[in-house]
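Trainee: The following block contains the structure, expressed as structure tokens.
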Amino acid sequence: MRGKFNSAKNRLDRNLSDNAITRYATFSALYAAQGIPEGITYIALPAWLAMNGKSPMEIAALVSVMLIPWSFKILIAPLMDRFTLLSMGRKRPWVIFGQIGLILSFLNLGLVHDPMNNITGLMIAGFLVNFFGAFQDVATDGMAVEVIPRKEQARANGLMWGSKTIGLSLSLITGTWLINNFGFSFAVSSLSLVVAAIMIFPLFFRERAGEKLLPWTPGKASLISKKTQLKSWMHIFKSLYKVVKLKSSLILCIGIFILGIMYGLVDTLLPIFSIQELGWTNSYFSNVLSTTNVIGGFLGMFIGGYMVDYFGKIKMLTIYLILLTILIGAFAFITNLWSSFFIMIAFILSYCTLYTFLCIAIFASAMHLCWKTVAATQFTLYMALSNMGRATGASLLGILKTSFTWEIVFLTIAVIPFVLIIIIQFINLKRHRIIVNSFDVLPVEITTSPIIKNKEYS
């Protein structure tokens, strides 16, 4: 009898929908798998190129091209909502496919011939890495929205984003050391093994009880998956339009795109500014950014999610944006202190921590706005807009730096969070939730009536 009880318990623990620890571990690992290639492609590689004399325009162009696939997420998500192998779960088959693609494309990046003088080759290989990274991200986010209870969303996002930040940071510091000592190809190949090891999580855990682990193993589709699976493209896009057109959703779309521009500007700026303006080496920069990112990641994992849960999403978003405006604006005015080690460390640490906390609050807010019927597509739309903003910001840096001084560039960036402070005050999460909940219990004719609409727009 005891053996049967332990066996049942083990089966339960392998279902994401039934066990919080399983959910936290799996989604944290999958986000760490995304962070490892990003640490190389977005930071270590640009820093290495900057140290070897490549221009800000060349580096910005490389980063902006690598970011493009993240804008394609909105095209991938409806595909995942429409087609899947339900007997293995609604999103888990896509997570496995995306993870396999991420492993192979990351290995391919290390095969680029003469990467220092082959920016085009790096662009193509980096594009593929980010395409499969985006693919895995869409599937992971869709699965998270469906199996993580609303009361756990902020905490789960804290762990997920903290894990991604730590994965990025550790890959950055390790990858930089490996690049400098053993070469670019060896560095990428070594880190690919870590990404491959994370495959055990989507292979070992089911979405829901009774589903297949693999196509040839026993199991069947759950009733919940059958009920929520959409049967036509028309239904997907009508449902998406119905929820995205609500006021709070539209405002978040605008705000998240603008915020993405700031992310893209700062992410592309930091290695170029630190190495070419302050004279740091790529190893020194990587060590500093990795350390500060790890600190920010741990704070996000253990504090960020709880603060959003306790004080509220919009309130914490406002506080983080105010602090970012002050931080970046003040930094622009202390040019005589930029050479100070302590000032620069304090700036990067503060930015990395606020960035992590802000991402946690934004993701939790986006999940809160999602309607489960089209959760993957809706959440992906928000994230795609953010990544479109990142690509825009990365490409803008080359233009800004060509025309203006670093002081003006920093001041321009500081304006972005200031504008967002005003915009997000028009988001009403509670009112939006009432409308979305009505979609599941009322006919379309009623949910689109003026009475219901006025609840959202009043």
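The values are calculated or read from the model by the stated rules, or taken from the named source; none is laboratory data. Small disclaimer: the values here were computed from a predicted structure and weren't measured. Cβ sites come from the backbone with ideal geometry, for glycine too, and all protein chains shown count toward neighbours. Only protein heavy atoms, including side chains, enter the accessible area calculation; ligands, DNA and RNA are left aside. Shrake-Rupley method; radii C 1.70, N 1.55, O 1.52, S 1.80 Å.
Trainee: Somewhere in region 254-272, is a residue among the hydrophobic types (A, V, I, L, M, F, W, C) and free of Cβ contacts under 8 Å to residues at least 24 places away in the same chain?
Mentor: So the first thing to find is which residues in region 254-272 are among the hydrophobic types (A, V, I, L, M, F, W, C), and the list is 254, 256-259, 261-262, 265-266, 269-270, 272.
If we keep only those that are free of Cβ contacts under 8 Å to residues at least 24 places away in the same chain too, we end up with none.
No, region 254-272 contains no residue that is among the hydrophobic types (A, V, I, L, M, F, W, C) and free of Cβ contacts under 8 Å to residues at least 24 places away in the same chain.
Trainee: Follow-up. So which residues in region 123-169 are out of contact with any helix residue (DSSP H, G or I) (no Cβ under 7 Å at 6 or more places or on another chain) and either more than 20 Å from ALA375 (Cβ to Cβ) or among the aromatic types (Phe, Trp, Tyr) (or both)?
Mentor: ILE124, the sole residue that qualifies.
Trainee: Are any of the residues in region 211-221 in contact (Cβ under 8 Å) with a residue 12 or more places away in the chain and within 21 Å of the chain's Cα centre (by Cα)? Spell out how you get there, then give the answer.
Mentor: If we filter region 211-221 for residues that are in contact (Cβ under 8 Å) with a residue 12 or more places away in the chain, which is where we start, we get 211-215, 219-221.
Right, trim to within 21 Å of the chain's Cα centre (by Cα) and you get none.
Within region 211-221 (the criterion being in contact (Cβ under 8 Å) with a residue 12 or more places away in the chain and within 21 Å of the chain's Cα centre (by Cα)), the answer is no, since none of the residues qualifies.
Trainee: Would you be able to say whether some residue in region 152-163 is more than 25 Å from THR26 (Cβ to Cβ), small (Gly, Ala, Ser) and open to solvent by 10 Å² or more (accessible area, probe 1.4 Å)? Give the steps one after another, and end with the answer.
Mentor: Step one: of region 152-163, the residues more than 25 Å from THR26 (Cβ to Cβ) are none.
Checked region 152-163: no residue is more than 25 Å from THR26 (Cβ to Cβ), small (Gly, Ala, Ser) and open to solvent by 10 Å² or more (accessible area, probe 1.4 Å).
Trainee: Scan region 42-68 residue by residue and report those that are of a type in the set (Ser, Thr, Tyr) and within 14 Å of ASN282 (Cα to Cα). Walk me through how you get there before you give the answer.
Mentor: Filtering region 42-68 down to residues of a type in the set (Ser, Thr, Tyr) leaves 42, 55, 64.
The answer is TYR42, and nothing else.
Trainee: Could I ask something else about it? Among the residues of region 88-107, are any at positive phi and in contact (Cβ under 8 Å) with a residue 24 or more places away in the chain?
Mentor: We begin by selecting, within region 88-107, every residue at positive phi; these are 89.
Cutting the leftovers down to in contact (Cβ under 8 Å) with a residue 24 or more places away in the chain gives us 89.
Yes, because at least one residue in region 88-107 is at positive phi and in contact (Cβ under 8 Å) with a residue 24 or more places away in the chain.
Trainee: Here is a follow-up. For residues in region 222-253 being of a type in the set (D, E, K, R) and in contact (Cβ under 8 Å) with a residue 24 or more places away in the chain, which is surrounded by the fewest Cβ atoms within 10 Å (Cβ to Cβ)?
Mentor: Quick first cut of region 222-253, residues of a type in the set (D, E, K, R) only: 226-227, 231, 238, 242, 245, 247.
Pick out the ones that are also in contact (Cβ under 8 Å) with a residue 24 or more places away in the chain and you get 226, 242, 247.
Details: LYS226: 11, LYS242: 18, LYS247: 17.
Looking at the filtered set, the residue picked out is LYS226.
Trainee: Test of understanding: among PHE184, PHE204, which residue is at pLDDT below 90 and open to solvent by less than 70 Å² (accessible area, probe 1.4 Å)?
Mentor: On the way: PHE204 fails: open to solvent by less than 70 Å² (accessible area, probe 1.4 Å).
Going through PHE184, PHE204 in turn, just one is at pLDDT below 90 and open to solvent by less than 70 Å² (accessible area, probe 1.4 Å): PHE184.
Trainee: Pairs under 6 Å by beta carbon, first residue without any contact (Cβ under 8 Å) to a residue 12 or more places away in the chain in region 306-324, partner of a type outside the set (Phe, Trp, Tyr), six or more apart or different chains?
Mentor: From region 306-324, no pairs qualify.
Trainee: Take LYS430 and tell me if it is open to solvent by 40 Å² or more (accessible area, probe 1.4 Å), modelled with pLDDT under 90 and in contact with a helix residue (DSSP H, G or I) (Cβ under 7 Å, 6 or more places away or on another chain). Reasoning before the result, please.
Mentor: Numbers: open to solvent by 40 Å² or more (accessible area, probe 1.4 Å): yes; modelled with pLDDT under 90: yes; in contact with a helix residue (DSSP H, G or I) (Cβ under 7 Å, 6 or more places away or on another chain): no.
No.
Trainee: Just to be sure before I move on: is ILE303 without any contact (Cβ under 8 Å) to a residue 12 or more places away in the chain, in a helix (DSSP H, G or I) and within 22 Å of the chain's Cα centre (by Cα) in the structure I sent? Before the answer, list the steps.
Mentor: Details: without any contact (Cβ under 8 Å) to a residue 12 or more places away in the chain: no; in a helix (DSSP H, G or I): yes; within 22 Å of the chain's Cα centre (by Cα): yes.
Taking the combined requirement at face value, the residue does not satisfy it.
Trainee: Same structure, new question: Please report, ordered by residue number, the helices (runs of 4 or more DSSP H) entirely within region 1-120 with at least 1 residues that are crowded, with 23+ Cβ neighbours inside 10 Å and at pLDDT below 80.
Mentor: Numbers: elements: 2-13, 20-38, 45-51, 56-67, 73-82, 92-109.
Counting at least 1 such residues, we get 73-82.
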